[in-house]
Amino acid sequence: MSSIVKLVAACEADFEDLLALRIRAMQPSLERLGRFDPQRARERLRASYSPAATRHIIHDEQRVGFVALKSCEGGILLDHLYIDPAFHGRGIGSQVLQQIFSDIDQQEAILHVGALRDSEANQFYCKHGFIFSHETEWDLYYQRPPQSLRT
């Protein structure tokens, strides 16, 4: 049985550690697309980083990832969900989504998420009930309807 995953508030001082984690998580997918650029990764996270919306993912008392949820037009945006590659395949991301789903379903909100083209994240989100919405040059976007529209 896997350990319980906890979500713990982040702060501004966590930015560099979260950036390093995001780069570790994204680098393989970005390299496959020929788009890996550490400076662009820094700029993109800096532009969207909101400590108030960000939670560390803690597993066995160790920070293994982070997640960020933000209000958006039409629901809630799952802006970031990154698990350190050393911890992939342990069900941690699924546990995080289950916690998020529980909160979102109580709000009766649509949950939105985007994933880089050719990233394994696309399969992960589809496996967890997200439905393809639209695409751009580099990303695929999904929605998870509120509980009341899924039953």
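The values are calculated or read from the model by the stated rules, or taken from the named source; none is laboratory data. This one's a predicted model, so the numbers in the text were calculated from it and none came from an experiment. Cβ atoms come from the backbone with ideal geometry, glycine included; neighbour counts cover every protein chain shown. Surface areas here come from the heavy atoms of the whole protein model, side chains and all, with no ligands, DNA or RNA. Shrake-Rupley method; radii C 1.70, N 1.55, O 1.52, S 1.80 Å.
Data table
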| read-out | value |
| --- | --- |
| Residue range of the chain that is longest and free of GluC sites (Glu not before Pro) which are both DSSP loop and sparsely packed (at most 12 other C-beta within 10 Å) | 1-60 |
| Cα-based radius of gyration of segment 65-134 once divided by 2.2 N^0.38 Å, which approximates compact folds | 1.08 |
| Charge-dipole axis of the chain as Lys and Arg at +1 and Asp and Glu at -1 on Cβ define it, positive-most pick from P145, H88, H59 | H88 |
| Segment E120-I23, length gained on full extension (0.36 nm per residue, minus Cα span) | 33.4 nm |
| For segment 28-106: relative contact order, % (alpha-carbon pairs under 8 angstrom, 6 or more apart) | 17 percent |
| Estimated distance in nm for a label pair at K70 and R32, the labels positioned 7 Å out from Cα along Cα-to-Cβ | 2.6 nm |
| Calculated FRET efficiency for the pair Y141/R46, C-beta based, R₀ 30 Å, to 0.05 | 0.85 |
| Nitroxide proxy distance, nm - points 7 Å out along Cα→Cβ at K127 and F101 | 1.3 nm |
| Mean ellipticity per residue at 222 nm, deg cm²/dmol - from DSSP H runs of n ≥ 4 across the chain, formula -39500 (n - 2.57) | -11500 deg cm²/dmol |
| Those chymotrypsin sites (Phe, Trp or Tyr not before Pro) in segment 111-145 that DSSP places in a loop and that have at most 16 other beta carbons within 10 Å | W138 |
| Percent carbon-and-sulfur accessible area, the chain, ignoring ligands, DNA and RNA, probe 1.4 Å | 51 percent |
| Dipole magnitude of the chain about its Cα centre (Cβ charges: Lys, Arg +1; Asp, Glu -1), debye to nearest 20 | 180 debye |
| Interchain or long-range residues, amide H under 5 Å from T54's placed H | A10 |
| Low-density loop cleavage sites - chymotrypsin sites (Phe, Trp or Tyr not before Pro) in segment 28-110, where at most 16 other Cβ are within 10 Å (DSSP) | F36 |
